[in-house]
Amino acid sequence: ENNLHKEELNFKIIVIGDFGVGKTSIIGRFTEGQFSSHYKITIGADFAVKTLEWDENTRINLHVWDIAGHERFGSLLSVFYRHAVAAAIVFDLTRPETFESVDKWLIDLRRKLQLPGGKSLPIIILANKGDVTVSTVPKNIDDYCKNNDILAWYITSAKNDINIDEAMIKLTRAALANY
Ligand code: GDP
Ligand code: MG
């Protein structure tokens, strides 16, 4: 294979949502293929890179950013959002109040991140911990996505590796279409 002619794209994707919903676990699952049930507190903004051989001509390096400990403020510094081309907002199916917070995160995101040329930012919602039996899907999530220009939502499990690759590929495809 001759990689010399491959175009290499660097995409920044941000993962936001309340504390404990599984953001770090989702990023770990997606970029490392691993899940750890041990609590890991990370401080400051952090990112992991996942490289996708997208097609014959294109390699995409996804820089997936974790808000890592800044959840409690409910809003982030603009610098965290800067140059992002797509976002995932995560909530926890076992804690309905974390779905209520999705709107707060969405407002912060839209306020602080505008794409050049007025393009629409691809955003997905991840309803995480779908492996837990007591989880309940919010009734209004379809309407919420439709009314707020959300690309798609998925039930995910970082623990059992459900829908995470699918969701991230969907987001990447939309970012590529904007590029
Ligand atoms: P963050 O604060 O949003 O980064 O959340 P973490 O990734 O640190 O996860 C918080 C807790 O939820 C940890 O104990 C994880 O092991 C657990 N967790 C994360 N994702 C899942 C999942 O898909 N299923 C289950 N059952 N637990 C999860
Ligand atoms: Mg975390």
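Has region 104-126 got at least one residue that is in contact with an Asp or Glu (Cβ under 6 Å, 6 or more places away or on another chain) and either of a type in the set (S, T, N, Q) or closer than 14 Å to I16 by Cα (or both)? Checking region 104-126: not a single residue is in contact with an Asp or Glu (Cβ under 6 Å, 6 or more places away or on another chain) and either of a type in the set (S, T, N, Q) or closer than 14 Å to I16 by Cα (or both). Checking the stated criteria, N160 turns out to be in contact with a Gly (Cβ under 9 Å, 6 or more places away or on another chain) and more than 16 Å from ligand 2 (Cβ to nearest atom). On the stretch given as region 142-179, residues that are surrounded by 17 or more Cβ atoms within 10 Å (Cβ to Cβ), polar (S, T, N, Q) and part of a loop (DSSP other than H, G, I, E, B) total 2. The condition of being within 19 Å of F80 (Cβ to Cβ), assigned to a helix (DSSP H, G or I), of a type outside the set (F, W, Y) and touching a Leu at 6+ places or on another chain (Cβ under 7 Å) holds for D108. Of the residues making up region 1-45, just one is basic (K, R) and modelled with pLDDT under 70, namely K40. Going through (1) within 16 Å of ligand 1 (Cβ to nearest atom); (2) in a loop (DSSP other than H, G, I, E, B) one by one, K139 falls short only on (1). Looking across region 51-63, the residues that are in contact (Cβ under 8 Å) with a residue 60 or more places away in the chain and in contact with a Phe, Trp or Tyr (Cβ under 9 Å, 6 or more places away or on another chain) come down to I60, L62.
Pairs meeting the criteria (first residue in region 144-172 and in contact (Cβ under 8 Å) with a residue 24 or more places away in the chain and among the aromatic types (F, W, Y), second residue in a helix (DSSP H, G or I) and within 16 Å of ligand 1 (Cβ to nearest atom), beta carbons under 8 Å, at least 6 apart or on different chains) are Y144/V102; Y154/E166; Y154/A167.
Of the residues making up region 46-82, just one is of a type in the set (V, I, T), surrounded by fewer than 11 Cβ atoms within 10 Å (Cβ to Cβ) and not in a strand (DSSP E or B), namely V79. Taking every residue in region 111-128 that is surrounded by 12 or more Cβ atoms within 10 Å (Cβ to Cβ) and pairing it with any residue that is at pLDDT 95 or above and among the charged types (D, E, K, R), at least 6 positions away or on another chain, the pairs with Cβ-Cβ distances below 6 Å are N128/D92. In region 65-110, what residues are without any contact (Cβ under 8 Å) to a residue 60 or more places away in the chain, in contact with a Ser or Thr (Cβ under 7 Å, 6 or more places away or on another chain) and among the aliphatic types (A, V, I, L, M)? A68 - this is the single residue of region 65-110 that is without any contact (Cβ under 8 Å) to a residue 60 or more places away in the chain, in contact with a Ser or Thr (Cβ under 7 Å, 6 or more places away or on another chain) and among the aliphatic types (A, V, I, L, M).
The values are calculated or read from the model by the stated rules, or taken from the named source; none is laboratory data. These numbers come from a predicted model, not from an experiment. Every residue, glycine among them, receives a Cβ derived from its backbone with ideal geometry; neighbour counts consider all protein chains shown.
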